[in-house]
Amino acid sequence: MRHLLILTLLTLTACGFHLRGSVTIPPYLNTLQLQDANPATRIAPELQRALQDEGVTITDDTAQANAVLRLQSESFSRRVQAVDASGKAQEYGLHYNVVFSVLGPDGTVWLSAANVSTARDLRFDEGAVLGAGGEQEQLQAEMRAEVVRGILRQLARVTLVTADEQIAPAAGSAP
C-alpha cells in the first residue's frame with residue numbers, strides 16, 4: 001500500500017501537478033514593480049502579498065525591476081437577475097473584472113491588456129437587509145482572491161519574445 005502511495009505521488013509530480021493556488025512564476029518575473037491604477041485598486045495589496053508568497057520581490061525602483069506589472073483598471077458591478085411578483089429584487093449578479101499588463105524593463109509589452117474576471121450570484125432577503133451588505137462584502141473578497149489566482153496563472157504563462165524572433169522572416173518566405 002505504501003509503495004502505491006509513493007508511486008502515485010511520483011506520477012503526479014512528474015506530470016506537473018501542483019496544489020491549487022500554487023504557480024511557478026518565471027525567473028524573469030522574479031523582481032516586479034507593481035504599478036496601481038489611478039484611482040487605486042482594492043486588489044493591489046492582495047496581489048502584492050500573493051506575489052511575495054510565490055517568491056517574487058516587489059520593488060518601487062524601476063531600474064531594479066525585471067518587469068512592470070501594471071494594474072490598468074478594476075471594476076465591480078451588480079445587476080438584478082431575479083425579481084418577485086411585486087417587482088422587488090430577489091437575486092443580484094455580481095461581476096468583478098481586472099485589466100492588467102506586463103511590460104519588460106525596456107518598456108516592451110510582454111502581456112497587453114489581459115483581463116481576469118469572475119461572477120457570483122447574491123440572493124437578497126428583504127428580511128435580512130443588514131446581513132446582505134456583509135454577505136456582499138464577503139463575496140467581493142472571495143472574488144478578489146479568485147482574480148488574484150487568475151492573474152498569477154497568467155503571469156506564469158508570460159513568455160519572453162526576443163528581438164531575433166520578432167525580426168526573423170516567416171517560414172517559407174523569401175528573404
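Quick notes on this one:
- Taken over the range 26-38, the criterion of being in a loop (DSSP other than H, G, I, E, B), in contact with a strand residue (DSSP E or B) (Cβ under 9 Å, 6 or more places away or on another chain) and not charged (D, E, K, R) is satisfied by ASN30, ALA37.
Matching residues to (1) assigned to a strand (DSSP E or B); (2) at pLDDT 95 or above; (3) among the polar types (S, T, N, Q):
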position: HIS3; (1), (2), (3): no, no, no
position: GLN64; (1), (2), (3): no, no, yes
position: ARG79; (1), (2), (3): yes, no, no
position: GLY87; (1), (2), (3): no, no, no
position: PHE100; (1), (2), (3): yes, yes, no
position: LEU111; (1), (2), (3): yes, no, no
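- Counted residues, the range 41-62 - those being at pLDDT below 90 and within 17 Å of ILE151 (Cβ to Cβ): 0
- If you filter the range 44-56 down to residues that are out of contact with any strand residue (DSSP E or B) (no Cβ under 6 Å at 6 or more places or on another chain) and part of a loop (DSSP other than H, G, I, E, B), you find that the one that is nearest to GLU142 (Cα to Cα) is GLU54.
- Beta carbons closer than 6 Å, at least 6 apart along the sequence or on distinct chains, pair a first residue in the range 56-84 that is in contact (Cβ under 8 Å) with a residue 12 or more places away in the chain with a second that is among the acidic types (Asp, Glu) and surrounded by fewer than 16 Cβ atoms within 10 Å (Cβ to Cβ) for GLN81/GLU91.
- Odd one out for PHE17, checked against (1) of a type in the set (Phe, Trp, Tyr); (2) modelled with pLDDT under 85; (3) in a strand (DSSP E or B): (3)
- Whichever residue in the range 135-152 is aliphatic (A, V, I, L, M) and more than 8 Å from the chain's Cα centre (by Cα) and, among such residues, is nearest to GLU91 (Cα to Cα): LEU139
- Of all the numbered requirements in (1) free of Cβ contacts under 8 Å to residues at least 60 places away in the same chain; (2) closer than 26 Å to ALA119 by Cβ; (3) surrounded by 17 or more Cβ atoms within 10 Å (Cβ to Cβ), LEU51 misses one, and that requirement is (1).
- Across the range 65-93, the number of residues qualifying as crowded, with 19+ Cβ neighbours inside 10 Å and either over 19 Å from VAL148 (Cα atoms) or touching a Leu at 6+ places or on another chain (Cβ under 6 Å) (or both) comes to 4.
The values are calculated or read from the model by the stated rules, or taken from the named source; none is laboratory data. Quick caveat: nothing in here was measured; it's all calculated off a predicted structure. Every residue, glycine as well, gets a Cβ built from its backbone with ideal geometry; the counts of neighbours run over all protein chains shown.
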